[in-house]
Amino acid sequence: MNILIKDVAALLPDGTTPTLNIAIVDDRILSMGDVPHDFHADKTIDGTRHFAIPGLVNAHTHASMTLLRSYADDMKLMDWLQTMIWPIEAKLHSDDIYWGAMLAAVEMIRSGTTAFADMYGPDMDRVAEVTEVSGLRGVLARGLIGVAPDADKKLEENAALYETYHGAADGRITVMFGPHALYTCPPDYLKKIAQRAQQLGAEIHIHMSETVGEVESCLKDYGKRPFAHVESTGLFENGTIAAHCVHLDDEDFSIIKKHNIRIAHNPGSNMKLASGIAPVPRMLKEGICVALGTDGASSNNNLDMLDEVQLSALLHKVDTLDPLAVPALTAVKMGTEYGAQALSLKDVGQLVPGQKADIALFSMHGAEWTPCYNPVSLLAYSGKSSSVDTVIVNGKILMENRELKTLDEERILYEAQRTADRLTK
């Protein structure tokens, strides 16, 4: 379908926000500005007093954990995982994964997210199903726990996921390998993952250096810090997105740059779990790709990427006492363009001709958008995801005028609540 968005303020890669027309043909942006004379629109959207940005990219989440939102809060990470989260996750069935991911899809589309990177447990084929039906762009990894008795089976499940779904749903699904963390994956298992991923040409999604305790335990057990330890297994040879990366030293920075490791910064989750503040300004200054993620909804507790944009802009200012630490445009790019780069999404993340038509339209009719001196600044500091009006992914409209087009929200909310009630009885 050909779509024309008329007279919309659009965020261009250089940070300017001119009012122009966006012409879309099939899954790509045809033009930004004057509409080609031979272009015929099947659908026209009035972009007056709207702000078009590249769709938000959630570079690290656990989608089906929406079912555990508010189930266990105000706890330390390992205590939270071991006593509350892992026991209930052991009870999850295939349909639970499906409805949890469906709930996540509703929340993500409503808040302007067009792509997400999900690492979770078994039945990731159900998340692929949700990705296909919802119209979202998904980067999926089967979470791998090497200390589990069926660790090798999990690894083969990840390989099967890759072979079945990588490139599926009109290219909207990418599959990575998902070793959970070095403290749940012994070195020999990380080596197995590295070899299997390399055989298939898949990249890696892993938690790294999230807490002080993780770093201290790694030094005690292996005599190396986390990045040096994982590097020794060959895991970073495949292309890696590393979530968190809160506690880093100079050697860690050197390894990250050597292997072009991309970082998924999760300010909301890190703050809530008191994990610390990642050295994002230094990462950006040294040319490291820094994206944003929400983490799971049980440690955030939402999947609202605009929250993460705003937190990243504010948190690093107060941490460094520098109001220029993460400017508004940089924060927005971390949530859009850099997120697409971090997930190796080809032709995604910018509003330019030839790129995929993944677009979020914000209504600027609200009080928080008035007056409008700088739309980027308003987005980063005062905008709310409730003003997301229209969402387009791969040239398909997933939400228009706040109405979901691909999902039955009422049914999904009912099934998610029913599932949660059963799990927590």
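How large a share of the accessible area of the chain, in percent, is made up of carbon and sulfur atoms when the probe is 1.4 Å and the other protein chains stay in place?
50 percent
Given charges of +1 on the Cβ of Lys and Arg and -1 on the Cβ of Asp and Glu, with all other atoms neutral, how large is the dipole of the chain about its Cα centre, in debye to the nearest 20?
Around 280 debye, computed over the chain.
Taking the Cα centre of segment 217-340 as the origin, how large is its charge dipole in debye, to the nearest 20, when only Lys and Arg (+1) and Asp and Glu (-1) carry charge on their Cβ atoms?
Numbers: 11 positive and 15 negative charges, 21 e Å.
With only Lys, Arg, Asp and Glu charged at Cβ, the dipole is about 100 debye.
Exactly which trypsin sites (Lys or Arg not before Pro) in segment 196-256 are in a DSSP loop and have at most 16 other Cβ atoms within 10 Å?
Here the trypsin sites (Lys or Arg not before Pro) that fit, given the DSSP loop and packing criteria, are LYS224.
If packing is taken as the average number of other Cβ atoms within 10 Å across a peptide's residues, how do 384-391, 177-184 rank, most packed first?
177-184, 384-391
Relative contact order of the chain: what whole-number percent is it, with Cα pairs under 8 angstrom and at least 6 residues apart?
In percent, rounded to a whole number, it is 21.
State the Cα centre-to-centre distance between segment 32-75 and segment 368-384 in whole Å.
17 Å
Among 397-409, 41-53, how do they line up from the highest to the lowest mean number of other beta-carbon atoms within 10 Å?
41-53, 397-409
Enter the accessible area per residue of segment 56-343 (Å², integer; probe 1.4 Å; all protein chains in place).
Values: 9700 Å² over 288 residues.
On a per-residue basis, 34 Å².
Using protein chains only and a probe of 1.4 angstrom, how many square angstrom of ARG110 are accessible, to the nearest 10?
60 Å²
Between 0 and 90 degrees, rounded to the nearest ten: what's the tilt of helix 409-423 against the longest Cα principal axis of the chain?
Orientation of helix 409-423: about 20 degrees from the principal axis.
Quick one: net charge around SER111, please, counting Lys, Arg +1 and Asp, Glu -1 for every other residue with C-beta under 11 Å from its C-beta. Walk me through the numbers before you get to the answer.
On the way: positive: ARG110, LYS384; negative: GLU107, ASP304, ASP307, GLU308.
Result for the neighbourhood of SER111: -2.
Going down the table (LYS91/LYS405; LYS191/LYS257; LYS258/LYS384; LYS76/LYS220; LYS224/LYS285; LYS76/LYS224), which pairs top 29 Å between alpha carbons? Write down the numbers at each step before the final one.
Working: LYS91/LYS405 32 Å; LYS191/LYS257 21 Å; LYS258/LYS384 38 Å; LYS76/LYS220 21 Å; LYS224/LYS285 26 Å; LYS76/LYS224 24 Å.
In this structure, LYS91/LYS405; LYS258/LYS384 lie more than 29 Å apart at Cα.
Two decimals is fine: what's Rg over Rh for segment 56-343, C-alpha atoms, Kirkwood radius as Rh?
Rg/Rh for segment 56-343 comes to 0.93.
Return the long-range amide H neighbours of ALA357 (sequence gap of 5 or more, or a different chain), with a cut-off of under 5 Å between placed amide H atoms.
Those lying under 5 Å, H to H, from ALA357 are ARG28, ILE29, ASN394, GLY395.
If you add up the charges near THR240, with Lys and Arg at +1 and Asp and Glu at -1, over every other residue whose beta carbon is less than 11 angstrom from its beta carbon, what do you get?
Counting the neighbours of THR240, the net charge comes to -2.
Excluding GLY121 itself, calculate the net charge of residues whose Cβ lies under 14 Å from the Cβ of GLY121, where each Lys or Arg counts +1 and each Asp or Glu counts -1.
With Lys, Arg at +1 and Asp, Glu at -1, the neighbours total -3.
Nearest 10 degrees, 0 to 90: what angle lies between the long axis of helix 124-134 and the longest principal axis of the chain (Cα atoms)?
Helix 124-134 and the main axis of the chain meet at about 10 degrees.
Treating the angle as unsigned and between 0 and 90°, give the value, to the nearest 10°, between the Cα long axis of helix 94-110 and the longest Cα principal axis of the chain.
Tilt relative to the chain: about 40 degrees.
Can you give the helix-only mean residue ellipticity at 222 nm for the chain, where every DSSP H stretch with n ≥ 4 adds -39500 (n - 2.57) and the sum goes over all residues, rounded to the nearest 500 deg cm²/dmol?
-10500 deg cm²/dmol
The values are calculated or read from the model by the stated rules, or taken from the named source; none is laboratory data. Model, not experiment: these values are computed from the prediction. We place every Cβ from the backbone using ideal geometry, glycine too, and count neighbours over all the protein chains shown. Note: areas computed on protein heavy atoms with side chains; ligands, DNA, RNA excluded. Shrake-Rupley method; radii C 1.70, N 1.55, O 1.52, S 1.80 Å.
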